[in-house]
Amino acid sequence: MAVPKLGDELQKPAEVTDDSNSNDKPNLKGDWLNFFLLMLLYTMQGIPLGIASAMPIILQSNKNVSYKDQALFSLVAWPFSLKLLWAPLVDALYMQKLGRRKSWLVPVQYLMGACFIYMGSNIDEWLPETRKPDILKLVIVFFFAKILAATQDIVVDGWALTMLKKNNVGYASTCNATGQVMGVMISSVFSVLLTSEDFSNKYLRIRPDVGGVFTMKSLFYVWGILFILITTLIAIFKKEKDNRLEDDHVKLNIIQTYSLLWDILKLPSIQLLAIALLTAKIGFAATDSVSILKLIDAGVPKDNIMVIHTMMFVVKIIMPLIIAKYTSGPKTMSVYLTAIPIRLLWNISFVAFIYYTPIMITMINGFVNIPIYYYALLVFILAIHDILANIMFVTITAFFSRISDSRFGGTYMTLLNTLSHLGLAWSNSVAIGMIDFLTFKECSLDHNNNCSTPNLKNVCQTNGGDCNVIVSGYYVETAACTMIGIVWFCIFRMILKNIQTKDSSHWLVNIKKPSS
C-alpha cells in the first residue's frame, strides 16, 4: 500500500491504527505520517528544554553567578521527575469528542505559547547585561515551563503507543530522541549564539554592530507564536482514534487511575527496575552537570562551547536513526548495559582534559588564546560522551515503550520516565551543590585562612592575597561517582538482563473493568 498523501491523512475521520500485523517486524509503511507528527511534537517539547539547558551556560558567563545559584537553577529540571503526580489526571480526564490525548495536548501547548510571550516581556529585567540575574524569578518561570513540557511529554508518550502500529511502537523512542534533540538544538543555539554580540559580529555580520542578530526577547516572542500556530493546525486537522474502540479498553476514574500507579509498582520487575533507574545516573553526575561549567571557569568562551554543542546535536539526531534496528528489538537493555562501563571509563578523559586546560590555553594581551588542537580534543571527548549517553537514552526509552501496558499508556510510560528523570535530577542537583563543599581553598598570604566564607574571602583579598584552590571538588566528586557507578554496574547487570527477557504479559496490570 502506498504511503498516503498529507491531504488524504488529514481528512480521515479518525486515526486508523492497523494492528493486524502487530507481531511482524517493524515496518513504517503506512505509518510515516504518524512518525513525522510524533517527531514534530517531540521537537516542540525540546524547545523549552533547550532554552532551560542553555541558561546555565549564559548564567556562568556572568561573573556574579555562583555554583549555589547554579544549583538553585538546576531545580527547573525537577518537573520531569515530579510529573507522576499529575500523570493519572492526564489519563483519566479528557473530552471524548476532542480526543483522549488532544484534550490535554492542545491547551498545554497553547499555555506554552503564552508562557513564552510572557517570558519575552520580562526577560530583559530578569537577565540584565551587567547586574546579577534574578535567579529566583528565572527558576519560577522556567519551572512552570518545564511543568507544561512534562505534561506534553505524558500526553505524547501515551499517544505514541496507539498512534503507531503495535509492531512500530519501538520507533517511538527514535521520534522522542531525535525530535527532542532537534528542539533542544534549535532553541539552545538561538538562545546562546544568535543573541551573542561577539558571535554575531564574527560569523554572521559583514559590519560589526551592537548586540546579537536576535534578542532573547524577540526569540521568546517567536517561540510563542509558533507554538500557538502549530497547535491550532494540529487541533483542526489531526483526528485521534476513538480509544473506546481499542481492545480491552478500560475507562478508569481519577481514584482508580491513581491506584493504578500502586498496582504497577507492585509488579516485582518494576520494583527492581525502579531501584536501578533511581541510581543509574550517579556514576555520570559530576561529568554531566559540572564539566562544561568548569571549562567556562577556566576561560573557554561560552560561544565556542555552544558551537561545539551544536556539532554534538548532529550526533544526537543521527544516532537514534542508526541504532533504530537495535532499539526496536527485544534486547534493548543489552545495548544499554554495554554502553555503561565505556561511559564510566570516559569520566577519566573529562578529568584529564579539565586538569590540563589551564596549561593548554594562554592569555595574550588580555585575550584568551586557545589552540585548534584543544578544540579538536574537546569535540572528540564530547562526541564519544554524547554517543554513549544517547545510546543509553534511546534504548531505555524503547524498553519502556515495549513493556508499557497501552491501555494505561500515559500513566505507565510516565511512571517509568519519571523514575529515570528523577534519578538524573537528584544526582545532578546534588553533584552541583556539593562542588563548593568538596572544594578546599587557602589564602595565599595566610595559610590559616581557608576562604570558606565571604568574610574570610574579603579579608584575604583586602590584604592583597588570592584564595587558591588546594583541592578541587570536581575531581573528588568525579572519582567518587565513578566508583559508585562501577559498583552499580556489578549489582544490576544480570538483573536488567533477566528483566528484559520477560514477555509482555509479565508487565500487564490486572484491572477489573467497571460494571456498566
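The values are calculated or read from the model by the stated rules, or taken from the named source; none is laboratory data. Just so we're clear, the structure is a prediction, and the values are computed from it rather than from any experiment. Positions of Cβ are generated from backbone atoms using ideal geometry, with glycine treated the same way; all protein chains shown enter the neighbour counts. To get the accessible areas, we keep the full protein, side chains included, count just its heavy atoms, and leave off ligands, DNA and RNA. Shrake-Rupley method; radii C 1.70, N 1.55, O 1.52, S 1.80 Å.
With Rg and the Kirkwood Rh both taken from Cα atoms, where does Rg over Rh land for region 362-516?
With Rh from the inverse mean 1/r over Cα pairs, Rg/Rh is 1.18.
Quickly work out the V469-to-W32 label distance, labels modelled 7 Å from Cα along the C-beta direction, and quote it in nm with one decimal.
Taking the simple label geometry, W32 and V469 are separated by 5.2 nm.
Kirkwood Rh, Cα Rg: Rg to Rh for region 160-238?
A ratio of 1.17.
Can you check what the Kirkwood hydrodynamic radius comes to for region 30-240, Cα pairs only, in Å to one decimal?
18.2 Å
If the limit is 30 Å between Cα atoms, which of K68/K202; K146/K302; K68/K146 go over it?
Check vs 30 Å cut-off fails for K68/K202.
Would you mind checking the tilt of helix 135-163 against the longest principal axis of the Cα atoms of the chain, expressed as 0 to 90 degrees and rounded to 10?
30 degrees
Could you state how much accessible area R407 has, in square angstrom rounded to the nearest 10, with a 1.4 Å probe and all protein chains kept in place?
Estimated to the nearest 10 Å², R407 gives 40 Å².
Can you send over the solvent-accessible area of Y221, 1.4 Å probe, protein chains only, in Å² to the nearest 10?
It works out to around 70 Å².
Going by a 4.7 Å Cβ-Cβ cut-off, which cysteines of the chain have no partner at all?
Here C115, C175, C481, C490 come out as lacking a disulfide-compatible partner, given the Cβ-Cβ threshold of under 4.7 Å.
Accessible area, 1.4 Å probe, largest first: how do I370, I154 sort?
I370, I154
Give a residue-ordered list of calculated ³J(HN,Hα) values for region 64-70 (Karplus: 6.51 cos²θ - 1.76 cosθ + 1.60, θ = phi - 60°; whole Hz; x for Gly, Pro).
Ordered by residue, 3J(HN,Hα) equals 8, 9, 9, 5, 5, 5, 5 Hz.
Between V210 and I486, what length comes free when the chain is fully extended (0.36 nm per residue of separation minus the Cα-Cα distance, one decimal in nm)?
Gain on stretching V210 to I486: 94.4 nm.
Under the rule of -39500 (n - 2.57) per DSSP H run of 4 or more residues, summed and divided by the residues of the chain, what mean residue ellipticity at 222 nm is obtained, to the nearest 500 deg cm²/dmol?
-22000 deg cm²/dmol
Note the angle between two axes, namely the Cα long axis of helix 254-265 and the longest principal axis of the Cα atoms of the chain, as a number of degrees from 0 to 90, rounded to the nearest 10.
Tilt of helix 254-265: around 70 degrees.
For M494 and R131, FRET efficiency with R0 = 41 Å and r from the beta-carbon atoms, rounded to 0.05?
Efficiency, from the Cβ-Cβ distance: 0.15.
What FRET efficiency comes out for V459 versus S505 if R0 is 51 angstrom and r is the Cβ-Cβ distance? Round to the nearest 0.05.
0.15
Determine the gain in length on full extension of the stretch I234-Y356; use 0.36 nm per residue of separation and subtract their C-alpha separation, reporting nm with one decimal.
Full-extension gain reported as 38.8 nm.
Apply the Karplus parameterisation 6.51 cos²θ - 1.76 cosθ + 1.60, with θ equal to phi minus 60°, to every residue of region 435-441 and state each ³J(HN,Hα) to the nearest whole Hz, in sequence, with x for glycine and proline.
Coupling constants for region 435-441: 4, 5, 5, 8, 8, 10, 10 Hz.
So, for region 368-425, what is the accessible surface per residue at a probe of 1.4 Å, expressed in square angstrom?
For region 368-425, the solvent-accessible area averages 28 Å² per residue.
What number comes out for accessible area per residue over region 30-240 if the probe is 1.4 Å? Units Å², please.
39 Å²
Can you tell me the order of 390-397, 496-503, 182-189, 280-287 when each peptide is scored by its average per-residue count of other Cβ atoms within 10 angstrom, highest first?
Highest mean packing first, the order is 280-287, 390-397, 182-189, 496-503.
How long, wide and thick is region 58-165, going by the Cα atoms along their three principal axes, in whole angstroms, largest first?
Principal extents (largest minus smallest coordinate, Cα): 51, 26, 23 Å.
Using a 7 Å offset from the Cα along the Cα-to-Cβ direction at both F437 and F143, what is the distance between the two label points in nm, to one decimal?
Computed distance between label sites F437 and F143 equals 2.0 nm.
How about region 51-118: which trypsin sites (Lys or Arg not before Pro) there lie in a loop by DSSP and see at most 16 other Cβ atoms within 10 Å?
Taking region 51-118 and a limit of 16 other Cβ atoms within 10 Å, the loop trypsin sites (Lys or Arg not before Pro) found are K63, K97.
How far, in nm, would the chain grow between Y203 and D446 when pulled straight, counting 0.36 nm per residue and subtracting the alpha carbon separation?
Once the chain is fully extended between Y203 and D446, it gains 82.8 nm.
If I model a spin label at Y118 and S349 as a point 7 Å from the Cα along the Cα→Cβ vector, what separation in nanometres do I get?
Modelled inter-label distance: 4.2 nm.
Hey, got a sec? Which trypsin sites (Lys or Arg not before Pro) in region 171-280 land in a DSSP loop and have at most 16 other Cβ atoms within 10 Å?
Passing both the DSSP loop test and the Cβ count: R205, K239, K251, K266.
How much solvent-accessible surface does T231 expose, in Å² to the nearest 10, with a 1.4 Å probe and all protein chains in place?
Counting only protein heavy atoms, T231 exposes about 0 Å² to solvent.
Output needed for the chain: three equivalent-ellipsoid semi-axes, defined as square roots of 5 times the C-alpha gyration tensor eigenvalues, in descending order, whole Å.
42, 27, 21
Across region 367-381, in residue order, what do the Karplus-derived ³J(HN,Hα) couplings come to in whole Hz, using 6.51 cos²θ - 1.76 cosθ + 1.60 with θ = phi - 60° and x for Gly and Pro?
These are the phi-based 3J(HN,Hα) values: 10, 6, 10, 10, x, 4, 4, 4, 5, 4, 5, 5, 4, 4, 5 Hz.
Rounded to the nearest 0.05, what FRET efficiency do I308 and I255 give with R0 = 35 Å and r taken as the Cβ-Cβ distance? Could you check?
Using R0 = 35 Å, I get an efficiency of 0.10.
What relative contact order, as a whole-number percentage, does the chain give when Cα pairs under 8 Å and 6 or more residues apart are counted?
About 23 percent, as a whole number.
Relative contact order for region 30-240: what is it in percent, counting Cα pairs under 8 Å that are at least 6 residues apart?
39 percent
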